[in-house]
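Structure record follows, encoded as structure tokens.
Since every read-out is calculated from the coordinates, none of them should be taken as a lab result. Just so it is clear, the model here is predicted, and its values are computed rather than measured. Neighbour counts run over all protein chains shown; Cβ positions are idealised from the backbone, glycine included.
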Amino acid sequence: MSSKTWAAKRFWGDVFVVPLERGFGVKLDQRRVKTPAKADLIVPTEGMAQSIAAEWQAQVGVIKPQTMPFTRMANSAIDKVTMQFGDVADFVAAYGASDLLCYRATHPEELIDRQSTAWDPLLNWANQELKAPLSITTGVMPIEQDPVSVSTLRALVHELGPFELAALHDLVAISGSLILGLAVVRSRITSEQAWCLSRIDECWQIEQWGPDDESVAAEAMRRSDLLFAGGFFELI
């Protein structure tokens, strides 16, 4: 048996976006693109379909899935999120009960002020616009949030469609904050701002002790993934 790993190769000439009854699809010559679970790849907007088509068009020789983030997230929305919507929505919503923005430093004063200046406006927004006030604590010991606020945030997450939820999942999981994720999808802040707001503690540590090469590379990848999730949501 050959030790070489089999890899799919480009077999098509042209890539087309096609309008469908439930959205837009992509064709490779006359063959419709399908998900890994063999479902039809149908996305909600032409812009998203164009982004997916561009990824397929850019493949030369061996297909490289790692260079196709729009295709991968659309596949995830169809094969995973749609099929397990309640579980995924509950997973994302659970961040509201332990949101990053609610856990503050006990010292030094400069870090405390930095967190307050950056995070308080978002918690005020959640209170006023989302009707979900959250309590603030110091340290890392869990604090119990108002069940009504947690339920309100959960309902907001469950209102989303599968493609929206797929993007929100990454925004929240990477940032550690449901409030930051909702602020991005509701155009309160940009995904770049969400990234910066989520890294206040890490940036403080870097200022004190300097960067670690391995951590810098990992953080760059996480930032790229968060920004991509924000861009994916904008195409919906």
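Taking the Cα centre of the stretch 85-234 as origin, work out the dipole magnitude from +1 charges on Lys and Arg Cβ and -1 charges on Asp and Glu Cβ, in debye rounded to 20.
So the dipole magnitude of the stretch 85-234 works out to roughly 440 debye.
Trp12 versus Phe85, label points 7 Å from Cα toward the beta carbon: distance in nm?
Output for this residue pair reads 2.7 nm.
Output the 0 to 90 degree angle, nearest 10, between the alpha-carbon long axis of helix 46-57 and the longest principal axis computed from the alpha carbons of the chain.
Around 60 degrees separate the two axes.
So how much slack lies between Val140 and Arg22, counting 0.36 nm per residue of separation and subtracting their Cα-Cα distance, in nm?
37.9 nm
For the chain, what does the relative contact order come out to in percent, with C-alpha contacts under 8 Å and a separation of six or more?
Normalised by residue count, the contact order of the chain is 18 percent.
Please work out the Kirkwood hydrodynamic radius for the chain, using every pair of different C-alpha atoms, and report it in angstroms with one decimal place.
19.7 Å
Just to confirm the number: angle between the C-alpha axis of helix 162-175 and the first principal axis of the chain, 0 to 90 degrees, nearest 10?
That helix lies at roughly 50 degrees to the long axis.
Test of understanding: in a Gaussian network model of the chain with alpha carbons linked when under 10 Å, which of Ala54, Ala173, Ala218 would top the mean-square fluctuation ranking?
Comparing Ala54, Ala173, Ala218 in a Gaussian network model of the chain, the most mobile one is Ala218.
If r is the Cβ-Cβ distance from Gln193 to Lys64 and R0 is 35 Å, what FRET efficiency results, to the nearest 0.05?
Computed FRET efficiency for Gln193 and Lys64 comes out at 0.65.
Please give the net charge around Ala37, taking every other residue with its beta carbon less than 12 angstrom from that of Ala37, where Lys and Arg add +1 and Asp and Glu add -1.
Here the count lands on +1.
Compute the acute angle (0 to 90°) between the alpha-carbon long axis of helix 147-158 and the principal axis of greatest extent of the alpha-carbon atoms of the chain; round to the nearest 10°.
Around 20 degrees separate the two axes.
With the dipole of the chain worked out from charges on the C-beta (+1 for Lys and Arg, -1 for Asp and Glu) around the Cα centre, which of Gly161, Ala94, Cys203 lies farthest toward the positive end?
Working it through, the farthest residue towards the positive pole turns out to be Gly161.
Counting each DSSP H run of 4 or more residues in the chain as -39500 (n - 2.57), what helix-only mean residue ellipticity at 222 nm follows after dividing by all residues, to the nearest 500 deg cm²/dmol?
Result for the chain: -16500 deg cm²/dmol, rounded to the nearest 500.
With contacts defined as alpha carbon pairs under 8 Å and 6 or more residues apart, what's the relative contact order of the stretch 144-236 in percent? Walk me through the intermediate numbers first.
Values: 55 pairs, mean separation 35.4, N = 93.
Reported relative contact order: 38 percent.
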